[in-house]
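What follows is one structure encoded as structure tokens, with my remarks underneath.
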Amino acid sequence: MFSIKRQGSIGLGLLGLTLLFFALIIPIENKTAYLGISFLLLTLGGLFYFNAIYGNTLAGIKNDGVWFNALSTRGISGWILGMFLTAFYIAIYWFPEVLGYNEQGVSTGLVALFDPLSYLLNGNAATQWFLYGTLYTFAIILFGIKFIWKYWGNRYQLFRTLSVIFFQFCFAFFIPEILSKLNPDTPYFAKDLKNMWPLNYYFLDQWHLKNMLNGGNLGLFFLVFGLVMIFIISPILTYRYGKRWYCSWVCGCGALAETAGDPFRQLSSKKLSVWKFERWMIHAVLVFVVVTTIAAMWSFLTDNPELSFMTRGQFISGVVIVLIILMLTLFFWNKNGLEKDAKYTLISLGTILTLILSIQSFSGQYTILFIDAYSFQKWYGFGIGAAFSGVLGVGFYPFLGSRVWCRFGCPMAAILGLQQRLFSRFRITTNGGQCISCGNCSTYCEMGIDVRAYAQRGENIVRSSCVGCGICASVCPRGVLKLENGELEGRINTTAYPLGNNMEVNP
Ligand code: SF4
Ligand code: SF4
């Protein structure tokens, strides 16, 4: 039974949301006041609701009633929310005019409602992306508060959530907007701080590269910084802490999944067949983004030889040599027991190699396996950059769980995952003798990992997909699971076979 407090707070929040979307049909005179009131109602509705459900409870994780709530169990309200989010994403990506955006002239409707805030922050009228970025950041902050309240008493969850809120608000929203205002004439690269491939999949696209190379010292700085991030800083951090440094502490997609997506984390499928599909899917996306990027570089070097210190032939030869070295290294490493992962990586690298070797240029067309290289880029942007990451990735939270994008489609997660599995100090250790097989850990793992199966065997969890959110360890009533960084040696202990507490026993 819902209490008056809960019903009232839901009503306040819905009123705020309705007011916002009312701007689609009625022209608003005083936009500042109208926008302020809508956000105030949303904030108050949210805070009162969190207080109503968590206010008088003891510290500790509050998952009570998750399976009795229609919203979080694919009930009618879950379906309504899923369809609303999906429709909103489709409008943002492909039909922004529905929201009032006018590329040629003055916007109206919901987009125009955000004009006062947009002028204040970046000096320009709002676009559909400003509207989206504001709502996205607002959702992370509001639901971040809910998340902290729900997991109150757990320091890992507290600091992790504060971290994602900080990175989203400062680095993904506020600073880029302010930079836009302060440097209106500098190109996009100087305003976008997520300058790391493949998260930023257009980092090595012709227009972006050209802007950086023609952008003087600032452009050079962003180019070098992006490359250092990809090839040095990111691998070092993943080696030391696992992919969690990014996926659970920094990334905006992870931030939304962990905060607004938290009520849906139990909907991720734990089936073996889905795990198999996940591995093929995410590695296919990885191959796709690598080939797309190489095609972009090939086109760039063909069209702008004066801007580069190497020819396209030297570039392709370099890539082929690096891939062959990687494949040989893995092939010999394979002998030390990393069969499956090495196999998947080898297949990915082999496919990339074949596609690269098929890059040809004839009659002015750059083709990969006879497909125009630009089409590769276009399809990547449409299929992965928009449809997968936005529409499926967030719109389907109430149907498939909160990390669909991170699990099946994010090329950044794929690269970090391979690094995590092949050379990282991170692992989740399991004290199998204490496990009572309650299954809480598996239930709440948003990445669909059957944590309990590892715990029952006393086996360390060293999975590419694990984002190190720590929820499995937080919800375990027996303290079986521990997120640790240690020596590489012995971290994958598939032969562990503990019954009772004896970890030394071999089968
Ligand atoms: S195994 Fe644990 S830490 Fe890893 S993703 Fe699942 S719940 Fe998060
Ligand atoms: S939550 Fe803890 S006790 Fe329950 S199955 Fe998982 S590891 Fe075992």
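The values are calculated or read from the model by the stated rules, or taken from the named source; none is laboratory data. All of these numbers come straight from a predicted model, not from anything done at the bench. Counting neighbours? That spans all protein chains shown, and the Cβs are built from the backbone with ideal geometry, glycine included. What goes into the accessible areas is simple: the full protein's heavy atoms, side chains included, and nothing from ligands, DNA or RNA. Shrake-Rupley method; radii C 1.70, N 1.55, O 1.52, S 1.80 Å.
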Residues Ala496, Ala473: which one is modelled with pLDDT under 85, of a type in the set (Gly, Ala, Ser) and touching a Gly at 6+ places or on another chain (Cβ under 9 Å)?
-> Ala496
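Let's see how each residue does on (1) polar (S, T, N, Q); (2) open to solvent by 10 Å² or more (accessible area, probe 1.4 Å); (3) out of contact with any Asp or Glu (no Cβ under 9 Å at 6 or more places or on another chain):
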{"residue": "Thr259", "(1), (2), (3)": "yes, no, yes"}
{"residue": "Lys270", "(1), (2), (3)": "no, yes, no"}
{"residue": "Phe277", "(1), (2), (3)": "no, yes, yes"}
{"residue": "Trp280", "(1), (2), (3)": "no, yes, yes"}
{"residue": "Ile294", "(1), (2), (3)": "no, yes, yes"}
{"residue": "Asp303", "(1), (2), (3)": "no, yes, yes"}
{"residue": "Met310", "(1), (2), (3)": "no, yes, yes"}
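Going through region 74-93 one residue at a time, which ones are open to solvent by less than 40 Å² (accessible area, probe 1.4 Å) and under 26 Å from Trp149 (Cα atoms)? Full working, then the answer.
Pass one, region 74-93, residues open to solvent by less than 40 Å² (accessible area, probe 1.4 Å): 75, 78, 82, 85-86, 88-89, 91-92.
Across region 74-93, the qualifying residues are Gly75, Gly78, Gly82, Leu85.
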Set Gly13, Gly45, Gly60, Gly65: member being free of Cβ contacts under 8 Å to residues at least 12 places away in the same chain and within 27 Å of Gly401 (Cβ to Cβ) = Gly65
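Quick one: which residue in Thr108, Thr32, Thr43 is farther than 25 Å from Tyr444 by Cα, within 29 Å of the chain's Cα centre (by Cα) and of a type in the set (Val, Ile, Thr)? Walk me through it before giving the result.
Values: Thr108 fails: within 29 Å of the chain's Cα centre (by Cα); Thr32 fails: within 29 Å of the chain's Cα centre (by Cα).
After ruling out the rest, the residue left standing is Thr43.
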List every residue pair whose Cβ atoms lie under 8 Å apart, where the two residues are 6 or more positions apart in sequence or sit on different chains, the first residue falls within region 265-288 and is more than 23 Å from Gln419 (Cα to Cα), and the second residue, located anywhere, is surrounded by fewer than 19 Cβ atoms within 10 Å (Cβ to Cβ) and of a type in the set (Ser, Thr, Tyr).
-> Leu267/Thr73
Sole exception among (1) open to solvent by 20 Å² or more (accessible area, probe 1.4 Å); (2) in contact with an Asp or Glu (Cβ under 8 Å, 6 or more places away or on another chain) for Phe169, by number | (2)
Out of the residues in region 94-124 that are among the small types (Gly, Ala, Ser) and in contact with a Phe, Trp or Tyr (Cβ under 7 Å, 6 or more places away or on another chain), which is most open to solvent (accessible area, probe 1.4 Å)?
-> Ser107
